[in-house]
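A.B. asks: Please find one structure pasted underneath; my questions will follow.
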């Protein structure tokens, strides 16, 4: 299909040019732009599109730099010696490259079975490409082994939304609602750096007097402009959300009428959050009680209030439950479905929303249908013109697919589109090792990415400005990506690639390489599904500046459906129309800091880079903004290790080592280190991240928290040296995947949590043996936490009748926890908000010490609560 072009202009006898309305290739905001192209290079300008309204960030402005980059791939690459990945990659023909790939597919499936061939996609593919990739896997390859990098991005929030609302559309309202909200709470989101044009909506709200609360362990650019910044320890956002709901219940702020009319499951959640009293939550998270209360009261009293979560809250072993905890809070306050209010998640990748709706996920068919639903299989099979029984069942999630590469029962031949897993996957050195175990790897990309460097065949792909299709943005608005110029000679788009491969595998009659034809089929396949696109057409998108799904096709002769900018106004997408509360519990991070790895590592994005950096690291203008990857360290942490500004530091975890330039800032917690994940090689942050504890529902790895050590390596340099290869730990060997099971609560509780106060108190005679010789005072000052229960120390009060300094000592299982000095004839009162939970079986004791020969009386009162 030809592009829809804005009026072009002829300039004298020079080249003919045309201006095309399309969209930025990067984040889910999908900013509208206009491209002017004739002879290369092309130029662009931001457009007055409803999402960006004339705004554009540095990444968007630089996007055309890459279309003619000297490193752009324009011909297929193959190994000089087939099967030998130590031989160089050399240019070849499309026929040779595809012949090698098809031969590998057929050879692998003949020897190991259909599931020995796998596919791995990306959130940057158009809807048409994502749909066709899923269909290609299940129809042409007949394999269940397909997943995509969005599993590492949106899966936890998607799982929580499906559980709670019956539908996953990341933002169930337009961006404009954010500008009209009186209170916005952003949890683990930093749009000032990740999608700067979206900040205009927050800015407009602040001009109106709106209050914004940012929950982030870093004082980011977004946090600096907020009215309140909550700075929790990474991995404790769930505890914080439960604590805020505890306060809402205690203060009578819950919208009881809404809860009764529009939800189910509240009683169980109410019982669960009883254990998250404010002092405990402060101890778990580091967020002061006063700030907790201020946040809850602001949300509850606002006429329009919105809670937004993003990757900082969701990329955890309990990411689904964390998103659910914030949904529970929003439901309790009556926000979802209320005009101008609600809960939403901020989608990350350009087509992160559409990419998860139409079949790239291991357990999914187009229209957000479940692959295990017989009716869904029958509907999609009819559209695909195949038998329902021929469609494979669910496959493995992204990391489980990658971790099983080259093993018995795992994928042996892999086709990767639009993804650089050697940089973006967790425990990346382990993933690189698995890629090396493959019999055959084929990668389609614009550049020779770190993943493509490992391949047997590399296929050059058309870039964003050279292809037609649709994308679905952060709001659920389906938009048009329009072809503004032709790709370089010898370059094909991924839709053409998949159609050609299908033809070579004997299924070409079922596939098209025309984007609009594929979209028309996608419409039919999605009809009646949760993500129903059947009423959307290219014409409507062009005329209406995008259409919000769900948008079902009208009945014969009926009026066209207008699309659905706002969801849940009257009912939720559950069978009974009610939203679901679900009780969730805080669990500690899989890795806790210890003597060897004493800090917490968290990762994220920076303003001038995007995703794995395959594109943005090659943009000259962006390189000037961010020439080196920089790890953020608090000055106190840096001082402890002799680290100065811009020094080279090595971050080490149990999985690997990576080096960064040190950025010293008080904007980060003293116990946390931040590293950007856009680089590979010597500075691969994902060589450090933890993949050993996946979310039991979404299968999300724990990108956002693991234990880390920090070492100074050298002073400032222009190019970071690689860590010593001899110090890198060996990648973990493959372990067969086990079926995911929901994680039980961290401790047993009755349906209604009851708390019992316990006290170690009294007046006791004391005879000193020396301040360095504490000892037991009385057997009464001992307490064993009952099995099956948990306890916390809340406070200590003490009095001293002697003329000398004495002290009391709190011990846990014989190990000192806290010292309480009490001055001569003095007293002391110490709130205990920083002492850990005491599980069942723990022995708690109070000892005391006084100078040798000193006698007198000691008054003690240790208050605990047992739950």
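A.B. asks: For residue 320, are the conditions met, namely being farther than 30 Å from residue 793 by Cα and in a helix (DSSP H, G or I)? Can you show your working first?
C.D. replies: On the way: farther than 30 Å from residue 793 by Cα: yes; in a helix (DSSP H, G or I): yes.
Criteria met by residue 320.
A.B. asks: Here's something else I'd like to know. Would a scan of segment 672-684 turn up a residue that is more than 22 Å from the chain's Cα centre (by Cα) and part of a strand (DSSP E or B)?
C.D. replies: The answer is no, given that none of the residues of segment 672-684 is more than 22 Å from the chain's Cα centre (by Cα) and part of a strand (DSSP E or B).
A.B. asks: Looking at 406, 355, 393 in this structure, which one is outside the structural domain of residue 652 (by TED's automatic domain parsing), modelled with pLDDT under 95 and either farther than 30 Å from residue 253 by Cα or touching a helix residue (DSSP H, G or I) at 6+ places or on another chain (Cβ under 7 Å) (or both)? Talk me through it step by step, then tell me what you get.
C.D. replies: Details: 406 fails: modelled with pLDDT under 95; 393 fails: modelled with pLDDT under 95.
Sole residue among the options that is outside the structural domain of residue 652 (by TED's automatic domain parsing), modelled with pLDDT under 95 and either farther than 30 Å from residue 253 by Cα or touching a helix residue (DSSP H, G or I) at 6+ places or on another chain (Cβ under 7 Å) (or both): 355.
A.B. asks: For residue 344, all conditions in the list (1) over 30 Å from residue 251 (Cβ atoms); (2) buried (at least 23 other Cβ atoms within 10 Å of the Cβ) hold save one; what is the number of the exception?
C.D. replies: (1)
A.B. asks: Let me ask another. Just need a number here: residues in segment 629-642 that are farther than 17 Å from residue 424 by Cα and either part of a helix (DSSP H, G or I) or touching a helix residue (DSSP H, G or I) at 6+ places or on another chain (Cβ under 8 Å) (or both). It would help to see each step written out before you state the result.
C.D. replies: In the first step, residues of segment 629-642 are kept if they are farther than 17 Å from residue 424 by Cα; the result is 630-642.
Then keep just the ones that are either part of a helix (DSSP H, G or I) or touching a helix residue (DSSP H, G or I) at 6+ places or on another chain (Cβ under 8 Å) (or both); that gives 635-640.
The total comes to 6.
A.B. asks: Can you go through 110, 116, 104 and tell me which one is assigned by TED's automatic domain parsing to the domain that holds residue 409 and touching a helix residue (DSSP H, G or I) at 6+ places or on another chain (Cβ under 7 Å)?
C.D. replies: Numbers: 110 fails: touching a helix residue (DSSP H, G or I) at 6+ places or on another chain (Cβ under 7 Å); 104 fails: touching a helix residue (DSSP H, G or I) at 6+ places or on another chain (Cβ under 7 Å).
Result: 116 is the single residue among 110, 116, 104 that is assigned by TED's automatic domain parsing to the domain that holds residue 409 and touching a helix residue (DSSP H, G or I) at 6+ places or on another chain (Cβ under 7 Å).
A.B. asks: Just to be sure, is residue 103 out of contact with any strand residue (DSSP E or B) (no Cβ under 6 Å at 6 or more places or on another chain) and surrounded by fewer than 16 Cβ atoms within 10 Å (Cβ to Cβ)? So that I can check it myself, show each step before the final result.
C.D. replies: Numbers: out of contact with any strand residue (DSSP E or B) (no Cβ under 6 Å at 6 or more places or on another chain): yes; surrounded by fewer than 16 Cβ atoms within 10 Å (Cβ to Cβ): yes.
Taking the combined requirement at face value, the residue satisfies it.
A.B. asks: If you go through segment 570-578 one residue at a time, do you hit one that is over 30 Å from residue 259 (Cα atoms), surrounded by fewer than 16 Cβ atoms within 10 Å (Cβ to Cβ) and at pLDDT 95 or above? Explain how you work it out, then say what you get.
C.D. replies: Of the residues in segment 570-578, the ones over 30 Å from residue 259 (Cα atoms) are none.
There is no residue in segment 570-578 that is over 30 Å from residue 259 (Cα atoms), surrounded by fewer than 16 Cβ atoms within 10 Å (Cβ to Cβ) and at pLDDT 95 or above.
A.B. asks: Which condition number does residue 539 fail, the rest of (1) at pLDDT 95 or above; (2) under 25 Å from residue 417 (Cβ atoms); (3) over 33 Å from the mean Cα position of the chain (by Cα) being met?
C.D. replies: (2)
A.B. asks: Further question on the same structure: Could you check, for segment 836-854, whether at least one of its residues is surrounded by fewer than 13 Cβ atoms within 10 Å (Cβ to Cβ), in contact with a strand residue (DSSP E or B) (Cβ under 6 Å, 6 or more places away or on another chain) and at positive phi?
C.D. replies: no
A.B. asks: Pull out all pairs, ordered by first then second residue, where Cβ-Cβ is under 6 Å, the residues are six or more apart or on different chains, the first lies in segment 703-725 and is over 23 Å from residue 670 (Cβ atoms), and the second is at pLDDT below 90.
C.D. replies: Final answer for the pair search is none.
A.B. asks: Continuing with the same structure: Any residue at all in segment 203-217 that's surrounded by fewer than 20 Cβ atoms within 10 Å (Cβ to Cβ), touching a helix residue (DSSP H, G or I) at 6+ places or on another chain (Cβ under 6 Å) and under 26 Å from residue 337 (Cβ atoms)?
C.D. replies: At the first step, the residues of segment 203-217 found to be surrounded by fewer than 20 Cβ atoms within 10 Å (Cβ to Cβ) are 203-204, 206-209.
Then keep just the ones that are touching a helix residue (DSSP H, G or I) at 6+ places or on another chain (Cβ under 6 Å); that gives 204.
Retained after the next criterion (residues that are under 26 Å from residue 337 (Cβ atoms)): 204.
Yes; the residues of segment 203-217 include at least one that is surrounded by fewer than 20 Cβ atoms within 10 Å (Cβ to Cβ), touching a helix residue (DSSP H, G or I) at 6+ places or on another chain (Cβ under 6 Å) and under 26 Å from residue 337 (Cβ atoms).
A.B. asks: Taking the options 334, 312, 319, name whichever one is touching a helix residue (DSSP H, G or I) at 6+ places or on another chain (Cβ under 9 Å) and surrounded by fewer than 24 Cβ atoms within 10 Å (Cβ to Cβ). Quick ask: steps written out before the conclusion?
C.D. replies: On the way: 312 fails: surrounded by fewer than 24 Cβ atoms within 10 Å (Cβ to Cβ); 319 fails: surrounded by fewer than 24 Cβ atoms within 10 Å (Cβ to Cβ).
Only one candidate qualifies: 334.
A.B. asks: List the strands (runs of 3 or more DSSP E) inside segment 784-867, counting only whole elements, that have at least 1 residues being in the same structural domain as residue 762 (by TED's automatic domain parsing) and touching a helix residue (DSSP H, G or I) at 6+ places or on another chain (Cβ under 6 Å). Full working, then the answer.
C.D. replies: Working: elements: 790-800, 806-812, 815-822, 827-831, 843-849, 855-866.
Correct list: 843-849.
A.B. asks: Across segment 645-670, which residue is nearest to residue 589 (Cα to Cα) among those that are part of a loop (DSSP other than H, G, I, E, B) and in contact with a strand residue (DSSP E or B) (Cβ under 6 Å, 6 or more places away or on another chain)? I'd like the intermediate steps shown before the answer.
C.D. replies: Within segment 645-670, the first condition is being part of a loop (DSSP other than H, G, I, E, B), and the residues that meet it are 645-647, 653-656, 665-667, 669-670.
Still in the list and also in contact with a strand residue (DSSP E or B) (Cβ under 6 Å, 6 or more places away or on another chain): 645-647, 653, 665, 667.
Details: 645: 30, 646: 30, 647: 29, 653: 14, 665: 25, 667: 23 Å.
Checking each candidate, the answer is 653.
A.B. asks: Which of the residues that make up segment 371-388 are touching a residue at least 12 places away in the same chain (Cβ under 8 Å) and either within 30 Å of residue 696 (Cβ to Cβ) or not in a loop (DSSP other than H, G, I, E, B) (or both)? Before you say what the answer is, go through the steps one by one.
C.D. replies: Taking segment 371-388 first, the residues touching a residue at least 12 places away in the same chain (Cβ under 8 Å) are 371-372, 374, 376-377, 379-380, 383-386, 388.
Those that are touching a residue at least 12 places away in the same chain (Cβ under 8 Å) and either within 30 Å of residue 696 (Cβ to Cβ) or not in a loop (DSSP other than H, G, I, E, B) (or both): 371, 372, 374, 376, 377, 379, 380, 383, 384, 388.
A.B. asks: Moving on. Among the numbered criteria (1) modelled with pLDDT under 95; (2) in contact with a strand residue (DSSP E or B) (Cβ under 6 Å, 6 or more places away or on another chain), which one does residue 419 miss?
C.D. replies: Failing condition for residue 419: (1).
A.B. asks: Tell me, which strands (runs of 3 or more DSSP E) lie completely within segment 423-541 with 1 or more residues that are assigned by TED's automatic domain parsing to the domain that holds residue 28 and more than 27 Å from residue 158 (Cα to Cα)?
C.D. replies: On the way: elements: 440-445, 457-460, 469-472, 477-481.
Because the criterion is at least 1 residues that are assigned by TED's automatic domain parsing to the domain that holds residue 28 and more than 27 Å from residue 158 (Cα to Cα), no strands (runs of 3 or more DSSP E) in segment 423-541 meet it.
A.B. asks: Could you give every pair whose Cβ atoms fall below 8 Å, whose first residue belongs to segment 813-826 and is touching a residue at least 24 places away in the same chain (Cβ under 8 Å), and whose second residue is surrounded by fewer than 13 Cβ atoms within 10 Å (Cβ to Cβ), counting only separations of at least 6 or pairs across chains?
C.D. replies: From segment 813-826, the pairs are 824/803; 825/803.
A.B. asks: Further, regarding this structure: Just to be sure, is residue 544 within 24 Å of residue 376 (Cα to Cα) and either touching a helix residue (DSSP H, G or I) at 6+ places or on another chain (Cβ under 6 Å) or assigned by TED's automatic domain parsing to the domain that holds residue 138 (or both)? Step through it out loud before you land on a result.
C.D. replies: Numbers: within 24 Å of residue 376 (Cα to Cα): no; either touching a helix residue (DSSP H, G or I) at 6+ places or on another chain (Cβ under 6 Å) or assigned by TED's automatic domain parsing to the domain that holds residue 138 (or both): yes.
No; evaluated as a whole, the condition is false for this residue.
To keep it simple, each residue is scored yes or no on (1) more than 17 Å from the chain's Cα centre (by Cα); (2) on the phi < 0 side of the Ramachandran plot; (3) not in a helix (DSSP H, G or I).
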| site | (1), (2), (3) |
| --- | --- |
| 178 | yes, yes, no |
| 184 | yes, yes, yes |
| 198 | yes, yes, no |
| 201 | yes, yes, no |
| 206 | yes, yes, no |
| 223 | yes, yes, no |
| 226 | yes, yes, yes |
| 234 | no, yes, yes |
| 239 | yes, yes, no |
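A.B. asks: For residue 270, which of the numbered conditions (1) part of a helix (DSSP H, G or I); (2) buried (at least 24 other Cβ atoms within 10 Å of the Cβ) fails to hold?
C.D. replies: Against the list (1) part of a helix (DSSP H, G or I); (2) buried (at least 24 other Cβ atoms within 10 Å of the Cβ), residue 270 comes up short only on (2).
The values are calculated or read from the model by the stated rules, or taken from the named source; none is laboratory data. For clarity, every value in this text was computed on a predicted model and none was experimentally measured. Quick reminder, even Gly has a Cβ in these numbers, built from the backbone with ideal geometry, and neighbours come from all protein chains shown.
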